[in-house]
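Taking it in order: structure first as structure tokens, then the write-up.
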Amino acid sequence: MSNEFEYQIKQWNDIKEDYSKGSLIIGNGASMALHSKFGFSSLKEEAEKLELFNHDISKLFNEFETSDFELILRLVWHAKLINEKLQIEDKKTNEAYENIKNALIQVVREVHCSRDHIVDQLSQLYAFTKYFSTIVSLNYDLLLYWIRMYGNDLKINNDGHIFKDCFIGGGVFDHDWEKFQKPYRSEKAITLTFYQHGSLAIFRDIFNTEKKLKALEDSKLLDTITQHWTDDKIPLFVAEGTGEKKKESIKTSPYLSTVFYEVLPSLIKDKDKDKTNLVIYGWGMGQQESHLIKQIFKPESKGKVAISTYSKDQKECHRISTEIKKLAPHVEVEFFDSQSSGCWNNP
């Protein structure tokens, strides 16, 4: 990077007007801003620190050369269900499944905060997120879910704004997601929310049917979810791995594929008067996420992207800007202070 050039780190309130009704991507840094334990390196490593795996589970991770918790859970789950259908007694597989399922429940409870931990910040989080027309979370935690529930609670907010995640009756995702952008009855403004790496609240069964769990009380959501991790369904989320490994996991899910192939490319555009700029908050845009970067930024992409920075590292700003410009030369890139007033949980 030339020593003569320096990227200006702007304040959110100075640039936010350019991103009204735009798109928002939130990464792990957004979760860490609310709860430091979300800074874990991987669920697998956390489970190992807590000594939750027996020898067989550790061996499976090594044999498949992966650190993807969800992949191993899914493989053992499939083996268990097939054995049951063929009436094959296999105590070892059953024990392996119970071990990894219980390990997942315990490690999630260990790293995930309760709703009470962030309840005082929900008002500010709602004020920030409702500013956008589309939000894609790269996290599989429950924070955006809680923000949605808070925003849609008419006892708290009655401003005509509503969050929609395109899951309809019975918790089934409607793949015709664009129709939810249109107001219905008394709706004044709409924000669509998506989970690119899945969510602890979304499940799939052996037939790959995907449904979202709805809790009657948002304060009990985490408890309700772990109670539903039963033998006939598992949570849908993409945990760890390289960009290619994550992309392979995304392809196994109709929901994640829709988000990846349809929603991501729509996040930044400048077509006629239908202009959409993009804000990225708390996402480092590392090499392991290259599959997402290439899907968002295309040669034909036009518009602006504002990227939050916590460290304000000029070399990182240059790396990210250069990466985007190679993929989308017509996109204007700017950076803003992740702790500046008005953005995310900053009052």
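Of the residues that sit in segment 143-194 and are small (Gly, Ala, Ser) and loosely packed, with under 13 Cβ neighbours inside 10 Å, which one is farthest from Asp116 (Cα to Cα)? Looking at the filtered set, the residue picked out is Ser186. Quick one: what pairs do we get from segment 145-158, first residue within 28 Å of Gln196 (Cβ to Cβ), second assigned to a loop (DSSP other than H, G, I, E, B), C-beta under 6 Å, 6+ apart or different chains? If the second residue must be assigned to a loop (DSSP other than H, G, I, E, B), the pairs left are Gly151/Asn157. One residue stands out among those in segment 220-253 that are under 24 Å from Asn152 (Cα atoms) and loosely packed, with under 14 Cβ neighbours inside 10 Å: the one that is modelled with the lowest pLDDT, which is Lys220. Against the criterion of being modelled with pLDDT of 90 or more, within 18 Å of Val238 (Cβ to Cβ) and either assigned to a loop (DSSP other than H, G, I, E, B) or not assigned by TED's automatic domain parsing to the domain that holds Asp205 (or both), Leu75 qualifies. Here the strands (runs of 3 or more DSSP E) wholly within segment 254-347 that include at least 2 residues being surrounded by 15 or more Cβ atoms within 10 Å (Cβ to Cβ) and acidic (Asp, Glu) are 331-337. Taking residues in segment 230-241 that are more than 13 Å from Tyr195 (Cα to Cα), and partners anywhere that are modelled with pLDDT under 85, the pairs with Cβ atoms closer than 6 Å and at least 6 places apart or on different chains are Glu240/Ser42; Glu240/Ser67; Glu240/Asp68; Gly241/Asp68.
This table checks each residue for (1) in contact with a Phe, Trp or Tyr (Cβ under 7 Å, 6 or more places away or on another chain); (2) among the charged types (D, E, K, R); (3) within 22 Å of Glu17 (Cβ to Cβ); (4) at pLDDT below 95.
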site	(1), (2), (3), (4)
Leu267	no, no, yes, no
Lys273	no, yes, yes, yes
Phe297	no, no, no, no
Lys302	no, yes, yes, yes
Ser308	yes, no, yes, no
Leu327	yes, no, no, no
Gly342	yes, no, yes, no
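Scan segment 64-71 and tell me whether some residue there is in a helix (DSSP H, G or I) and modelled with pLDDT of 90 or more. No: zero hits. If the condition is being loosely packed, with under 12 Cβ neighbours inside 10 Å and charged (D, E, K, R), then segment 15-31 contributes only Glu17.
Residues are listed down the side, and each one gets a yes or a no for (1) on the phi > 0 side of the Ramachandran plot; (2) in the same structural domain as Tyr19 (by TED's automatic domain parsing); (3) surrounded by 15 or more Cβ atoms within 10 Å (Cβ to Cβ):
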site	(1), (2), (3)
Ala79	no, no, yes
Lys85	no, no, no
Lys101	no, no, yes
Phe128	no, yes, yes
Ser133	no, yes, yes
Asp141	no, yes, yes
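Which condition from (1) free of Cβ contacts under 8 Å to residues at least 24 places away in the same chain; (2) under 25 Å from the mean Cα position of the chain (by Cα) is the one that Lys44 breaks? Of the numbered conditions (1) free of Cβ contacts under 8 Å to residues at least 24 places away in the same chain; (2) under 25 Å from the mean Cα position of the chain (by Cα), the odd one out for Lys44 is (1).
Using the structure shown, decide if Ser67 is under 24 Å from Ala201 (Cα atoms), in contact (Cβ under 8 Å) with a residue 24 or more places away in the chain, touching a helix residue (DSSP H, G or I) at 6+ places or on another chain (Cβ under 6 Å) and of a type in the set (Ser, Thr, Tyr). Considered against the rule, which asks whether it is under 24 Å from Ala201 (Cα atoms), in contact (Cβ under 8 Å) with a residue 24 or more places away in the chain, touching a helix residue (DSSP H, G or I) at 6+ places or on another chain (Cβ under 6 Å) and of a type in the set (Ser, Thr, Tyr), Ser67 comes out as yes. Considering only segment 143-176, state which residues are closer than 21 Å to Leu292 by Cβ, touching a strand residue (DSSP E or B) at 6+ places or on another chain (Cβ under 8 Å) and assigned to a loop (DSSP other than H, G, I, E, B). Scanning segment 143-176 gives Asp165, Cys166.
Scan segment 32-59 for residues that are loosely packed, with under 13 Cβ neighbours inside 10 Å and assigned to a helix (DSSP H, G or I) and the total you get is 5.
The values are calculated or read from the model by the stated rules, or taken from the named source; none is laboratory data. Keep in mind that what you see is a predicted model, and the values were worked out from it rather than measured. Using ideal geometry, Cβ is built from the backbone for each residue, glycine included, and neighbour counts are taken over all protein chains shown.
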